[in-house]
1. Among MET116, MET88, MET73, what is the fewest-to-most ranking by other Cβ atoms within 10 Å?
2. Quick one: go through the stretch 105-124 and flag any residue whose amide nitrogen is under 15 Å from the point 7 Å out along the Cα-to-Cβ line of SER99.
3. Could you pull out every residue, at least 5 positions away or on a different chain, whose amide H is within less than 5 Å of the one on TYR107? Hs are placed 1.01 Å off N in the peptide plane, and Pro or chain starts have none.
4. Please arrange PHE128, PHE100, PHE36, PHE138 by counting, for each residue, the other beta carbons lying within 10 Å of its beta carbon, fewest first.
5. HN-Hα J couplings of the stretch 30-40 from phi, Karplus 6.51/-1.76/1.60, θ = phi - 60°, integer Hz, Gly and Pro as x?
6. Where does each of ARG101, ARG37, ARG85 land when they are ranked from fewest to most other beta-carbon atoms within 10 angstrom?
7. Can you tell me the FRET efficiency between THR121 and ASN79 if r is taken as the Cβ-Cβ distance and R0 is 25 Å, rounded to the nearest 0.05?
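Read-outs: derived from the displayed coordinates by stated rules, not from any lab. None of these values were measured; they are calculated from a predicted model. Counting neighbours? That spans all protein chains shown, and the Cβs are built from the backbone with ideal geometry, glycine included.
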Amino acid sequence: MRGYGLVFCLIGLGVIAVPPLAAAQPGPITATTGWFRYLLPQIPAGGFVTLHNSSARAIVLDGAQTTACGMAMLHKSVNRSGVDRMVMVNSVTIPAHGSFRFSPGGYHIMCMQPTMKPGETVTVSLSFQNAPDLDVPFKVYGADGKPGAK
Ligand SMILES: [Cu+2]
């Protein structure tokens, strides 16, 4: 009888030790208003989104991946001596309790070889140096872009 008692005791401990099912924790980054301006398959599409950081530390975005683009890169539009150019950036920082905006004429996600169509919503996976990846829906607009977006 003593042996049975030990077995039950171990089962009891085992049950107690099983962790509760891991609920998906919301990460520190949320995204709003993701969209692409799509023109033609042979013209890179610009992606725009606003990222919000609810944490007390700066978070660094260092990449974007999506099956809707042959390759996606982080870009910044700059005007040097009156000439508009785009430069590649390795990362952007979303400040603590702050936000970062990709917008036409500024930072954007450059989508090379886009395979999207206006009216679709495509998913872009954003990767961060110090936060979990985030899948963000991007609505696809045509040459006129998103109504009201600047
Ligand atoms: Cu670009």
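1. So the ranking, lowest neighbour count to highest, is MET88, MET73, MET116.
2. What the label zone holds, given the 15 Å backbone N cut-off, is no residue at all.
3. Answer set, sorted by chain and number: SER77.
4. Details: PHE128 20, PHE100 17, PHE36 30, PHE138 25.
Placing the least packed residue first, the sequence is PHE100, PHE128, PHE138, PHE36.
5. Values, residue by residue: 10, 10, 10, 6, x, 7, 10, 9, 10, 10, 9 Hz.
6. Going from least to most buried by this count: ARG85, ARG101, ARG37.
7. After rounding to 0.05, the efficiency reads 0.20.
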